[in-house]
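> Provided herewith is a single structure, encoded as structure tokens, for subsequent inquiry.
The numbers here are math on the coordinates, done by the rules we state, and not lab data. Since we're looking at a predicted model, the values are computed, not measured. Reconstructed Cβ throughout: ideal geometry from the backbone, glycine too, with neighbour counts over all protein chains shown.
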Amino acid sequence: MKVTRAQIIARGLTNCCPNCGERTLFKTGTLFQVNKECPNCGLKIERANDEGFFLGSMSLNYGATLIVFLVPIMLLAYNQVIGTTTAIVLAAVGSILFPALFYRSSRSWWLMNYYLVLPLHLPANQPAIPAGEDDNI
């Protein structure tokens, strides 16, 4: 394999294309717009034919918001470290801000998980087809 699982993990954690390693997952100058494909290598990032492909990233973002942000606030309020009103305000603000800030990472991490399980789906890891053999497909 040209792209190893370790490289896939490193690229996923740094919001880079899992195929070529360039920082091309998101459109330049925007926070939330994902490129349909990598401008450097052509890897399809947005999968129009696979409805629900990124439900996993949404679930990852939701779970991280609960575990990393909302559960600690709930525990602090339960143990009376912070007041109920403070907990409600923190939870309300954080439940909007945390997912927005974590959006890029959750999209990148979902791609990382997909290609970590199926590394041969990366174009860089697909075997080269000798000339003339693709006519029979």
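> For the range 63-91, enumerate the residues that are under 17 Å from S106 (Cβ atoms) and touching a Phe, Trp or Tyr at 6+ places or on another chain (Cβ under 9 Å).
Keep residues of the range 63-91 that are under 17 Å from S106 (Cβ atoms), which gives 63-70.
Residues satisfying the conditions are A64, T65, V68, F69, L70.
> Show me the helices (runs of 4 or more DSSP H) entirely contained within the range 20-137 in which 1 or more residues are among the charged types (D, E, K, R). Can you show your working first?
Details: elements: 55-64, 71-78, 84-117.
In the range 20-137, the matching helices (runs of 4 or more DSSP H) lie at 84-117.
> Of the residues that make up the range 27-40, is at least one surrounded by fewer than 13 Cβ atoms within 10 Å (Cβ to Cβ), on the phi < 0 side of the Ramachandran plot, in contact with a Lys or Arg (Cβ under 6 Å, 6 or more places away or on another chain) and of a type outside the set (K, R)?
The first filter runs over the range 27-40 and keeps only residues surrounded by fewer than 13 Cβ atoms within 10 Å (Cβ to Cβ), leaving 28-33, 36.
Now restrict to residues that are on the phi < 0 side of the Ramachandran plot: 28, 30-33, 36.
Narrowing further to those that are in contact with a Lys or Arg (Cβ under 6 Å, 6 or more places away or on another chain): 33.
Still in the list and also of a type outside the set (K, R): 33.
Checked against the condition, which is being surrounded by fewer than 13 Cβ atoms within 10 Å (Cβ to Cβ), on the phi < 0 side of the Ramachandran plot, in contact with a Lys or Arg (Cβ under 6 Å, 6 or more places away or on another chain) and of a type outside the set (K, R), the range 27-40 yields at least one hit.
> Return the total of residues in the range 1-16 being in a helix (DSSP H, G or I) and surrounded by 14 or more Cβ atoms within 10 Å (Cβ to Cβ).
Qualifying residue count for the region: 6.
> With (1) without any contact (Cβ under 8 Å) to a residue 60 or more places away in the chain; (2) within 26 Å of Q33 (Cα to Cα); (3) of a type outside the set (S, T, Y) as the list, and L111 as the residue in question, which single condition is left unmet?
Every condition holds for L111 apart from (1).
> Moving to a separate point now. Taking Y78 as meeting all but one of (1) crowded, with 16+ Cβ neighbours inside 10 Å; (2) farther than 26 Å from M1 by Cα; (3) out of contact with any Leu (no Cβ under 9 Å at 6 or more places or on another chain), write down the number of the exception.
(1) is the only condition that Y78 fails.
> Give me the pairs, please: first residue somewhere in the range 4-18 and among the polar types (S, T, N, Q), second residue anywhere and part of a helix (DSSP H, G or I), beta-carbon distance under 7 Å, and either six or more positions apart or on two chains.
Close Cβ pairs (under 7 Å, with a partner that is part of a helix (DSSP H, G or I)) amount to N15/R104; N15/S105; N15/S108.
> Among all residue pairs at least 6 apart or on different chains, which show Cβ distances below 7 Å where the first residue, located in the range 38-58, is in contact (Cβ under 8 Å) with a residue 40 or more places away in the chain and hydrophobic (A, V, I, L, M, F, W, C) and the second is part of a loop (DSSP other than H, G, I, E, B) and surrounded by 16 or more Cβ atoms within 10 Å (Cβ to Cβ)?
Hits for this filter: C41/C17; C41/N19; C41/C20; L43/C17; L43/N19; I45/L25; I45/N35; I45/C38.
> Here's another thing I want to ask about it. Among the candidates N19, N61, single out the residue that is buried (at least 16 other Cβ atoms within 10 Å of the Cβ), farther than 24 Å from P127 by Cα and under 18 Å from the mean Cα position of the chain (by Cα). It would help to see each step written out before you state the result.
On the way: N19 fails: farther than 24 Å from P127 by Cα.
Result of the check over N19, N61: N61.
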